[in-house]
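Heads up: the structure comes next, in structure tokens.
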Amino acid sequence: MTAKLIKGTDIREEILEEIAAEVKEIKDKKGVVPGLVTILVGEDPASMSYVTLKIKTADRLGFKEIQENQPTTISEADLLALIDKYNKDDSIHGILVQLPLPDHIDDKKILNAIDPDKDVDGFHPVNVGRLMIGGSEVKFAPCTPAGIQEMIVRAGVETSGAEVVVVGRSNIVGKPIANMMVQKGPGANATVTIVHTRTKDLASHCKRADILIVAAGVPGLVKPEWIKPGACVIDVGVNRVGEKVSEKTGKNVAILRGDVDFDAAKEIAGSITPVPGGVGPMTITMLMKNTLSSMKYKLGMM
Ligand code: NAP
């Protein structure tokens, strides 16, 4: 059996086209566009390339995008003042602070200073609480879990009554996706188990999963024999396992592997996400969707 590939690269294009069409329609009718500010402190290369991709995507969709590059020497007070400025700016619907921040700045204090109604990353405690309550309380689901749920739904995988097993309990992936899948409503209604490093017999849990979501950060953790035949496997893991020379650019690039032994797993699963090109492209896509939603909440359209 060869599993159906759930490609994040294709689903991203579908969703971005939908967002762009909606942005144009709202702009034509109401003269407003979604506004997103990205705050980057310092010059961490990974953060810089991630932020560049966010800006490019926002520009392509016709958003108003403001890039705030700040030196690593910025004080916590000045960063808080910058957030306050954008909290009060009516043309800005989403504020994103790129992590990590320098050691002299308290991440929690900064993230908690963002107006929860502009917290398009969905990390503010108010949005975590809204997500836990579920239904119409939810404003912004965190982007990676939102992307995972969207992929499952768009791949046509039945979630109602499904056994979902989530490997990993982080605040950014494991816990929120488990919480989302257990809610009452479309794309959810599942029976959910979360497993982690203290779980006894990881294999036995994974084996009963109709939908197996793996976010551990351990290359090849999930063995093919742990996969139920026909299951949907979502591999969130992105692990650098070496370097190779790119055929396109001639430069050294990272070799990436997921948390699942993909080649063997695809012969057993019903559907599976590749790494790279699976969950990865969905995160920025859902950030854009959250920013559009934020504007629609403000306009009373949602
Ligand atoms: P994290 O904060 O390090 O959490 C990893 C979780 O996996 C922890 O709960 C840990 O358990 C569990 N775990 C680790 N090793 C395990 C093992 N051998 N058996 C069972 N459970 C194990 O990681 P994260 O931020 O959630 O990220 C997970 C992976 O997803 C990483 O590879 C990351 O790069 C990737 N990721 C990708 C995207 C994207 O594609 N857009 C976004 C976010 C993350 P304990 O709690 O017991 O330690």
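The values are calculated or read from the model by the stated rules, or taken from the named source; none is laboratory data. No experiment lies behind these values; they were computed from the predicted model shown. Note that each Cβ is placed from the backbone with ideal geometry, even for glycine, and that neighbours are counted across all protein chains shown. The protein model used for the area step is the full one, side chains on, heavy atoms only, and it has no ligands, DNA or RNA in it. Shrake-Rupley method; radii C 1.70, N 1.55, O 1.52, S 1.80 Å.
Of note:
- Accessible area in square angstrom per residue, the chain, 1.4 angstrom probe: 48
- Burial ranking of peptide ranges 53-62, 100-109 (average Cβ count within 10 Å, highest at the top): 53-62, 100-109
- Two-site FRET efficiency, Gln67 against Thr197, from Cβ-Cβ distance with R₀ of 51 Å, rounded to 0.05: 0.85
- Average Cα contact separation per residue, region 66-126, under 8 Å, 6 or more apart, as relative contact order %: 35
- Diffusion coefficient, µm² s⁻¹, Stokes-Einstein with Kirkwood Rh over alpha-carbon pairs of region 258-302 at 20 °C and 1.002 mPa s: 166
- The antiparallel fraction among DSSP beta bridges confined to the chain stands at about 15%.
- Spatial extent of region 47-128: Rg and Dmax, with the Cα atoms as the point set, Å: 12.7, 36
- Carbon plus sulfur fraction of accessible area for region 25-182, probe 1.4 Å, in percent: 53
- Of the GluC sites (Glu not before Pro) found in region 145-199, the ones in coil according to DSSP and having at most 15 other Cβ atoms within 10 Å of their Cβ are Glu158.
- Taking region 1-96 and dividing mean pair separation by its residue count, relative contact order in percent (alpha carbons under 8 Å, at least six apart): 34
- Relative contact order of the chain: 21 percent, from C-alpha pairs under 8 Å at least 6 residues apart in sequence.
- Computed log₁₀ I(q)/I(0) - Debye formula, equal Cα scatterers, no solvent, the chain, q 0.09, 0.15, 0.16 Å⁻¹: -0.47, -1.25, -1.37
- Efficiency of FRET between Lys29 and Tyr50 - r from beta-carbon atoms, R0 30 angstrom, step 0.05: 0.35
- Loop-located trypsin sites (Lys or Arg not before Pro) in region 238-302 (DSSP state other than H, G, I, E, B) with a sparse environment of at most 12 neighbouring Cβ atoms within 10 Å: Lys248, Lys251.
- Hydrophobic long helices, here whole DSSP H runs in the chain with Kyte-Doolittle means of at least 0.0 and Cα atoms spread over 15 Å or more along the helix axis, are found at 76-87, 143-154.
- Prolate/oblate/rounded label for region 98-222 (Cα gyration tensor, a/c 1.5): oblate
- Working ranking of peptides 185-191, 114-120, 67-73 by packing, defined as the average number of other Cβ atoms within 10 Å per residue, highest first, is 114-120, 185-191, 67-73.
- Lysine pairs meeting the criterion (Cα under 14 Å, 8 or more apart or interchain), as found in region 146-267: 4
- For the chain, the 222 nm mean residue ellipticity estimated from helices alone, with every DSSP H stretch of n ≥ 4 adding -39500 (n - 2.57) and the total spread over all residues, rounds to -11500 deg cm²/dmol.
- Only lysines eight or more places from Lys27 in sequence, or on another chain, were considered; those with a Cα closer than 16 Å are Lys64, Lys289, Lys296, Lys298.
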